[in-house]
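Okay, structure first, notes after.
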Amino acid sequence: MIYRHTVLVRFTHWINFGCMVILLMSGLAIFNGWPALYWGQRSDFSDPLLALYAIPDPASQGSTGKLIGVTEILGRRFTTTGWLGLSPGANGATVVRGFPRWATIPGPLWLAMARHWHFFFAWIFVLNGFAYAAYALFGRHLWRDLVPSRQQIRHIGRSARDHIQLRFPRGEQARHYNVLQKLSYLVVMFGMAPLMLATGLAMSPWVDAAWPPLLDVFGGRQSARTIHFVTSFALVAFVLIHVLMVMLSGLWNNMRSMTTGWFRIEETNPGQEGDDPRHTAAD
């Protein structure tokens, strides 16, 4: 048993997880206020990058009023009835809305309340992120645990193959994050999260009035909204892959590590199948 995660790392990890869930669901509720994305300063209603809406069902006979949900991406339409564009409402009847009720906070189409939820937890997410970043920068967590070594960079190809083949580190290798974990955490912490914050601020009229150049950086409010949306789903993809790897590499051991700090490593003998002499504890 080794002590793998400090109290602050564990605390900020779970705060981040809770905030991200609420931010995603409240963000989808805000998106439902106008379920389309554009590029530039203004909304080009006839040429959206992405749009979720409903249209009369071409297969229906006569004027029955039957609708189908549609997702339009770069001019191509896909039928997504029941999920996107048209989904069940509170009373079971179908409702025209971008994302379904179960995926949003609040469930009803209530833009003002969704904005309250989103902004409140956005600032908790930001303050929590600053606390973690300060600890990482000044508490040696960044250089000791997150920045990959030269040896790890040289063996990044092998690490990628091991992940694809679901071969996870054992023994001394399991004491540290592997190179793919380190690089992905650095991209999220110093790339995606700041981009999310900057594009969110760029959509605020108050911030735009106080600092107009921020909006110009992204080429307009609609561009900032699109980047914010895409980055959000990139973070969702990261979390889903992260959870999958946690489950496949040992759910109980990983969960215990992120709740109590203690992680059990399986000892291996030199030359045991699956070991690679090129990997050392320094990795």
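Here r is the Cβ-Cβ distance between ASN253 and LEU180 and R0 is 25 Å; the resulting FRET efficiency, rounded to 0.05, is 0.85.
Less than 5 angstrom separates the built amide H of LEU67 from those of ASP57, all sequence-distant by 5 or more or on a different chain.
Amide H contacts under 5 Å for THR94: GLY89, restricted to partners 5 or more places along the chain or on a different chain, H placed in the peptide plane at 1.01 Å from N. For region 45-56, 3J(HN,Hα) computed residue by residue from phi via the Karplus equation (6.51, -1.76, 1.60; θ = phi - 60°) reads 4, 7, 9, x, 6, 8, 8, 10, 7, 10, 9, x Hz, glycine and proline entered as x. For Rg and Dmax of the Cα atoms in Å, the listed values are (i) 22.0, 70; (ii) 24.0, 87; (iii) 22.8, 75; which was obtained by calculation from the structure presented? Read-out from the structure maps to (iii).
Between SER46 and TRP34, the modelled label-to-label distance comes to 1.8 nm, taking each label 7 Å out from Cα in the direction of the beta carbon. Remark: spin-label model distance SER204-ASN91 equals 3.9 nm, labels positioned 7 Å along the Cα→Cβ axis. Applying the Karplus relation 6.51 cos²θ - 1.76 cosθ + 1.60 with θ = phi - 60° to region 198-215 yields 3J(HN,Hα) values of 5, 5, x, 5, 5, 7, 8, x, 5, 5, 4, 5, 6, 9, x, x, 4, 5 Hz, where x marks Gly and Pro. Between PHE138 and ALA103, the FRET efficiency from the beta-carbon distance, with R0 = 45 Å, is close to 0.70.
For the peptides 138-147, 80-89, the ranking by packing is 80-89, 138-147, with the highest mean count of neighbouring Cβ atoms within 10 Å listed first.
Residue separation of GLN151 and PHE17 scaled by 0.36 nm, minus their Cα-Cα distance, works out to 45.1 nm of gained length. In order along region 168-180, the phi-based Karplus estimate (6.51 cos²θ - 1.76 cosθ + 1.60, θ = phi - 60°) of 3J(HN,Hα) comes to 9, x, 9, x, 4, 4, 6, 6, 10, 5, 7, 5, 5 Hz; Gly and Pro are listed as x. With kT/(6 pi eta Rh) evaluated at 25 °C and eta = 0.890 mPa s, and Rh the Kirkwood radius from Cα pairs, region 36-103 diffuses with a coefficient of 193 µm²/s according to Stokes-Einstein.
How many nm is it between the label spots at LEU111 and LEU8, if each spot is 7 Å from the Cα in line with the beta carbon? Result for the modelled spin labels: 4.1 nm.
Since every read-out is calculated from the coordinates, none of them should be taken as a lab result. Being a predicted model, the structure only gives us computed values, none of them experimental. Don't worry about glycine lacking a Cβ; one is built from the backbone with ideal geometry, like all the others, and counts go over all protein chains shown.
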